[in-house]
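*Asks:* Sharing a structure here in structure tokens format.
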Amino acid sequence: MNMKKIIYTTLFCLGIGHVMAQQEVMVSQYMFNGLFINPAYAGSHQYWSSSLLHRSQWVNLEGAPTTQLLAIDGPIMDDKMGLGFTLINDQIGVSRDLEFAGNYAYHLQVGQKSRLSFGIKAGLSAYSAKLTDLNYWDQNDQVFQNDINNQVVGKFGAGVYWYSERAFAGLSIPTIYAADDKLSTQIESATEEYFTQHYYLNAGYVFKISKTIDLKPSVLVKYLPNAPVQADINCNALFRNTFWLGVSYRTGDAVIAMVEYQVIPKLRIGYAYDATTSKLNNYSSGSHEIMLGFDFGRDLAKIKSPRYF
């Protein structure tokens, strides 16, 4: 059997399995744009912000995941509400998921310098899988007889987000419900639903170390039913309000190094490298991720001092 087809089959099975499956997009630079993981983040800063990200995971492993993500969000109604939009293209092996979603958040003042926001997310996902490209052992298995072509799935999610000038905490479920009945029937999964709920809990605080250095430790805990709890433990340092340097540890998966540079008040660029610590490091050379951020609206030079999260 062709090795490429074996890898595709393995990766696809990992994608449709509910045990230890990661169906939500996983990126390493989420701490620079919280909309990647929580709809309640929309409009939490006083200007409109956009991020464009590309991730190549498990480089040199054929059929490994690749992800492109575009996120835009900003405040409306005198900063009482926020709007956000995300466009995600996620491909693993022979399967591809293209998703567009709108995010809405309502922000409440809960202290002199802190706010609490509640967010919802609604979107459509077009799922495709070239099942006929796979080699499989049971030639009579009906699951692999036909491709899945742009099967549309409606998705809904929600989150809550508390933040102040130097601290934040959030809880989100990016996909609470997915109208995936037709997709579940096509792939004959072990359960009645294909998409399952992921729970994200994250928090962080920014410490003022000196006039030129800020330190931001943070954590993201990810829970998925029938899978081990995974945590990202992060520490990022900001130098002279322009240069971020950070390191993360993702339990059971990778050690991550990242940088972000504020080129001008409106433009920033970031890069992350994941050094795989699991057994996959025998087959890949890690993961690469690059992000461009562009902020606009209002006088950024006056209100942006600096962007901590």
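*Asks:* Answer yes or no as to whether residue 137 is at pLDDT below 60 and aromatic (Phe, Trp, Tyr).
*Replies:* yes
*Asks:* Another question about this same structure. Any chance you could count how many residues in region 270-296 are part of a strand (DSSP E or B), surrounded by 14 or more Cβ atoms within 10 Å (Cβ to Cβ) and not aromatic (Phe, Trp, Tyr)?
*Replies:* 12
*Asks:* Need at least 3 residues that are among the hydroxyl-bearing types (Ser, Thr, Tyr) per element, so show me which strands (runs of 3 or more DSSP E) inside region 65-137 make the cut, counting only ones lying wholly within it.
*Replies:* Output list reads 95-109, 114-129.
*Asks:* Hey, among the residues in region 263-288 that are more than 12 Å from residue 56 (Cα to Cα) and small (Gly, Ala, Ser), which one's modelled with the highest pLDDT?
*Replies:* Checking each candidate, the answer is 270.
*Asks:* What's the total number of residues in region 55-78 that are closer than 30 Å to residue 279 by Cβ and among the charged types (D, E, K, R)?
*Replies:* Initial filter on region 55-78 (closer than 30 Å to residue 279 by Cβ): 55-69.
Filter once more, so that each one left must be among the charged types (D, E, K, R): 55, 62.
Of the residues in that region, 2 qualify.
*Asks:* Here's another thing I want to ask about it. Working only within region 231-250, note down all residues that are closer than 18 Å to residue 37 by Cα and either among the acidic types (Asp, Glu) or in a loop (DSSP other than H, G, I, E, B) (or both).
*Replies:* 232
*Asks:* Same structure again: I'd like to check something: does region 80-94 contain any residue that is surrounded by fewer than 22 Cβ atoms within 10 Å (Cβ to Cβ), at pLDDT below 95, of a type outside the set (Lys, Arg) and farther than 14 Å from residue 65 by Cβ?
*Replies:* The answer is no; no qualifying residue exists.
*Asks:* Moving on to the next point. When the residues of region 248-278 are filtered to those that are polar (S, T, N, Q) and under 19 Å from the mean Cα position of the chain (by Cα), which remaining residue is farthest from residue 53 (Cα to Cα)?
*Replies:* Among those residues, the one meeting the criterion is 251.
*Asks:* For residue 67, indicate whether it is in contact with a helix residue (DSSP H, G or I) (Cβ under 9 Å, 6 or more places away or on another chain), closer than 27 Å to residue 248 by Cβ and either modelled with pLDDT of 95 or more or surrounded by fewer than 22 Cβ atoms within 10 Å (Cβ to Cβ) (or both).
*Replies:* Spelling it out, it is not the case that residue 67 is in contact with a helix residue (DSSP H, G or I) (Cβ under 9 Å, 6 or more places away or on another chain), closer than 27 Å to residue 248 by Cβ and either modelled with pLDDT of 95 or more or surrounded by fewer than 22 Cβ atoms within 10 Å (Cβ to Cβ) (or both).
*Asks:* Among the residues of region 145-155, is any closer than 21 Å to residue 72 by Cα, at pLDDT 90 or above and surrounded by 15 or more Cβ atoms within 10 Å (Cβ to Cβ)?
*Replies:* Here is the first cut: in region 145-155, the residues closer than 21 Å to residue 72 by Cα are 154-155.
Subsequent filtering for residues that are at pLDDT 90 or above retains 154-155.
Subsequent filtering for residues that are surrounded by 15 or more Cβ atoms within 10 Å (Cβ to Cβ) retains 155.
Scanning region 145-155, I find at least one residue that is closer than 21 Å to residue 72 by Cα, at pLDDT 90 or above and surrounded by 15 or more Cβ atoms within 10 Å (Cβ to Cβ), so the answer is yes.
*Asks:* Does region 199-210 contain at least one residue that is touching a His at 6+ places or on another chain (Cβ under 7 Å) and not small (Gly, Ala, Ser)?
*Replies:* no
*Asks:* Got a number for residues in region 28-64 being assigned to a helix (DSSP H, G or I), among the hydrophobic types (A, V, I, L, M, F, W, C) and within 13 Å of the chain's Cα centre (by Cα)?
*Replies:* Summing the residues that are assigned to a helix (DSSP H, G or I), among the hydrophobic types (A, V, I, L, M, F, W, C) and within 13 Å of the chain's Cα centre (by Cα) in region 28-64 gives 4.
*Asks:* Given 201, 215, 245, which one is under 22 Å from residue 171 (Cα atoms), among the hydrophobic types (A, V, I, L, M, F, W, C) and either touching a strand residue (DSSP E or B) at 6+ places or on another chain (Cβ under 8 Å) or without any contact (Cβ under 8 Å) to a residue 24 or more places away in the chain (or both)?
*Replies:* 201
*Asks:* Whether any residue in region 39-53 is over 20 Å from residue 252 (Cα atoms), of a type in the set (Gly, Ala, Ser), surrounded by 22 or more Cβ atoms within 10 Å (Cβ to Cβ) and at pLDDT below 90 is what I want to check.
*Replies:* no
*Asks:* List the number of the failed condition for residue 245; all other conditions in (1) modelled with pLDDT under 90; (2) among the aliphatic types (A, V, I, L, M); (3) over 17 Å from the mean Cα position of the chain (by Cα) hold.
*Replies:* (1)
The values are calculated or read from the model by the stated rules, or taken from the named source; none is laboratory data. Quick caveat: nothing in here was measured; it's all calculated off a predicted structure. Using ideal geometry, Cβ is built from the backbone for each residue, glycine included, and neighbour counts are taken over all protein chains shown.
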